[in-house]
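The block underneath contains the structure these notes are about, expressed in structure tokens.
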Amino acid sequence: MKTARLLVATFLLLPLTAWAAEKEKAETHVTMDQLPVAAKATIEKESAGAKVEEIEKETEGGKTFYEAEIIKNGRESFIHVSEDGKVLKRETEAQERRSEPGEREEKGESHHR
């Protein structure tokens, strides 16, 4: 009987655990005007001569940063910037795809452009 209760409790808590993990990583689209001053200055500097296609405010593990998609000379790149303007990561389109393999499919985007 104890085993059955434990199994039931496990199955009931499993979706809650998945939900909590998903909530741990949150993304919101933002505009340049919505960025903290330091993050905006860094993204403007890093994207000089390029187009900022989109910016997402992301929270992972309780830490907030901004990911900007930059297109320059027909090539996509991504930059992660902290709220205080520090560059956390730079990625090419290929590196971005490898680091987040399921995310583009979830958004309905194709790997082929």
Checklist entry - What strands (runs of 3 or more DSSP E) completely inside the stretch 8-85 contain at least 3 residues that are at pLDDT 95 or above and not hydroxyl-bearing (Ser, Thr, Tyr)? => result 51-60, 63-72, 75-82
Item to check | Residues being surrounded by 13 or more Cβ atoms within 10 Å (Cβ to Cβ) and without any contact (Cβ under 8 Å) to a residue 12 or more places away in the chain - total across the stretch 78-94 | outcome: 1
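The values are calculated or read from the model by the stated rules, or taken from the named source; none is laboratory data. Nothing here was measured: the structure is a model prediction, and the numbers come from that model. Heads up, the Cβs are rebuilt from the backbone with ideal geometry, glycines too, and the neighbour counts pull from every protein chain shown.
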